[in-house]
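Student: Please read through the structure below; I'll follow up with questions.
The values are calculated or read from the model by the stated rules, or taken from the named source; none is laboratory data. No experiment lies behind these values; they were computed from the predicted model shown. Neighbour counts run over all protein chains shown; Cβ positions are idealised from the backbone, glycine included. Accessible surface is based on the protein model in full, side chains and every heavy atom, while ligands, DNA and RNA are left aside. Shrake-Rupley method; radii C 1.70, N 1.55, O 1.52, S 1.80 Å.
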Amino acid sequence: MTARVADDVALGVRRVTAPNPSAMTGAGTQSYLVGSGDVVVVDPGPDDEAHLGCLVGEDVRYVLVTHDHDDHAAGARALARRCGAILLGPPGRPGREPDGVLADGDVVAVPGWRLSVLATPGHSARDVCYLLEAEPGSSPGSGRLLFSGDLVLGGSSTVVAAPDGDMALYLASLERLVALEPAVDVVAPGHGPLLAAGRAAIAGQLAHRRRREQEVLAALGRRGRATVAEIAAAVYPTVASGLADAAQLQTWAHLRKLVEDGSVTTLDPDDRTATFALA
Ligand SMILES: [Zn+2]
């Protein structure tokens with residue numbers, strides 16, 4: 001295997017891409033290293049020996065995860081153990097709890113840098129993002145960089161897969177990030193390239209998701225009544241076979257949100273095979 005090295009992507013931030021490329025992960029999960037000397041790792045990625053080996057050569061103080069999906073968090077405990085680091089993040093599934101649970105507004109700091117926790121659920125039930133800022137007086141002009149996990153991706157749109165993914169929460173989380181003052185300058189996503197115009201990129205994702213919602217409503221309007229699978233086929237007619245199930249789960253997430261809004265009805269929004277209709 002080719003040795004992977006950390007790229008400098010922003011002042012104080014380096015990136016290592018994990019060797020887990022797929023239809024869902026793009027070129028692979030991106031792990032980020034913040035600072036020098038005492039270092040924070042954001043999203044250690046899969047439990048892959050070669051990948052974690054690229055992250056351990058530093059004095060890692062904290063290992064942070066954005067959410068509990070395997071491609072972001074499976075290697076977290078192994079990395080923390082190898083580095084003697086503290087594992088922090090949102091609540092994990094049983095058996096994968098962090099050493100410390102982070103909540104909205106918490107701050108993790110290493111010399112020169114502060115990472116503020118933003119609760120941004122939606123892609124999964126308990127996602128957080130980390131907003132990186134230089135400590136006052138150090139690294140002037142470095143701006144505000146958002147580690148977005150899977151909430152905002154580079155070069156593709158996030159999958160919000162029901163039932164763990166929640167479209168209403170997802171849209172609210174994007175709205176919150178768009179409204180941040182001062183604005184996010186750069187987004188460092190879990191997959192795909194860095195997004196230089198941060199706020200505009202987040203607003204673009206929000207607009208995309210709202211357009212999809214309108215397409216779901218239009219497809220339902222044309223049919224009168226339809227299943228998740230029928231609407232997904234209409235809204236995502238050219239989806240690659242590896243993403244067909246994700247397209248259905250995402251369509252289901254849209255429909256569940258529209259049921260909550262009162263614009264769509266169904267007997268049971270928790271039933272993926274149910275029939276949906278305009279209210
Ligand atoms: Zn994810």
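Student: Does L180 meet the test of being crowded, with 18+ Cβ neighbours inside 10 Å, in the same structural domain as V128 (by TED's automatic domain parsing) and touching a residue at least 24 places away in the same chain (Cβ under 8 Å)?
Tutor: Criteria not met by L180.
Conditions (1) small (G, A, S); (2) farther than 20 Å from P163 by Cα; (3) out of contact with any helix residue (DSSP H, G or I) (no Cβ under 8 Å at 6 or more places or on another chain), marked per residue:
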{"site": "R210", "(1), (2), (3)": "no, no, no"}
{"site": "E213", "(1), (2), (3)": "no, no, no"}
{"site": "V216", "(1), (2), (3)": "no, no, no"}
{"site": "G221", "(1), (2), (3)": "yes, yes, yes"}
{"site": "A229", "(1), (2), (3)": "yes, no, no"}
{"site": "V239", "(1), (2), (3)": "no, yes, no"}
{"site": "A246", "(1), (2), (3)": "yes, no, yes"}
{"site": "W252", "(1), (2), (3)": "no, no, no"}
{"site": "E260", "(1), (2), (3)": "no, no, no"}
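Student: Filter segment 60-70 down to residues that are away from the ligand (no atom under 16 Å from the Cβ) and either exposed (fewer than 14 other Cβ atoms within 10 Å of the Cβ) or under 23 Å from G192 (Cα atoms) (or both), then give me how many there are.
Tutor: Summing the residues that are away from the ligand (no atom under 16 Å from the Cβ) and either exposed (fewer than 14 other Cβ atoms within 10 Å of the Cβ) or under 23 Å from G192 (Cα atoms) (or both) in segment 60-70 gives 1.
Student: Sticking with this one: If you take the residues in segment 71-87 that are open to solvent by less than 20 Å² (accessible area, probe 1.4 Å) and within 24 Å of T25 (Cα to Cα), which one is nearest to the ligand (Cβ to nearest atom)?
Tutor: Going through the qualifying residues, I end up with H72.
Student: If I filter segment 144-170 down to residues being surrounded by fewer than 18 Cβ atoms within 10 Å (Cβ to Cβ) and among the polar types (S, T, N, Q), which single residue comes out as farthest from the chain's Cα centre (by Cα)?
Tutor: It comes out as S156.
Student: Any residue that is charged (D, E, K, R) and under 21 Å from G149 (Cβ atoms) - is there at least one of those in segment 214-234?
Tutor: No, the conditions are met nowhere in segment 214-234.
Student: If you don't mind, there's one more thing I want to ask. Among the numbered criteria (1) closer than 22 Å to P193 by Cβ; (2) out of contact with any strand residue (DSSP E or B) (no Cβ under 6 Å at 6 or more places or on another chain); (3) within 15 Å of the ligand (Cβ to nearest atom), which one does A161 miss?
Tutor: All conditions are met except number (1).
Student: Hey, could you check segment 123-138 for residues that are away from the ligand (no atom under 16 Å from the Cβ) and in contact (Cβ under 8 Å) with a residue 60 or more places away in the chain and say which is most open to solvent (accessible area, probe 1.4 Å)?
Tutor: A134
Student: OK, next. State all residues of segment 192-239 that are touching a residue at least 40 places away in the same chain (Cβ under 8 Å) and open to solvent by 60 Å² or more (accessible area, probe 1.4 Å); if no residue qualifies, say none.
Tutor: R225
Student: Quick check, is P44 within 16 Å of the ligand (Cβ to nearest atom) and open to solvent by less than 40 Å² (accessible area, probe 1.4 Å)?
Tutor: yes
Student: Is it the case that segment 97-111 has a residue that's within 16 Å of the ligand (Cβ to nearest atom) and either in contact (Cβ under 8 Å) with a residue 24 or more places away in the chain or over 27 Å from G143 (Cβ atoms) (or both)?
Tutor: The answer is no, given that none of the residues of segment 97-111 is within 16 Å of the ligand (Cβ to nearest atom) and either in contact (Cβ under 8 Å) with a residue 24 or more places away in the chain or over 27 Å from G143 (Cβ atoms) (or both).
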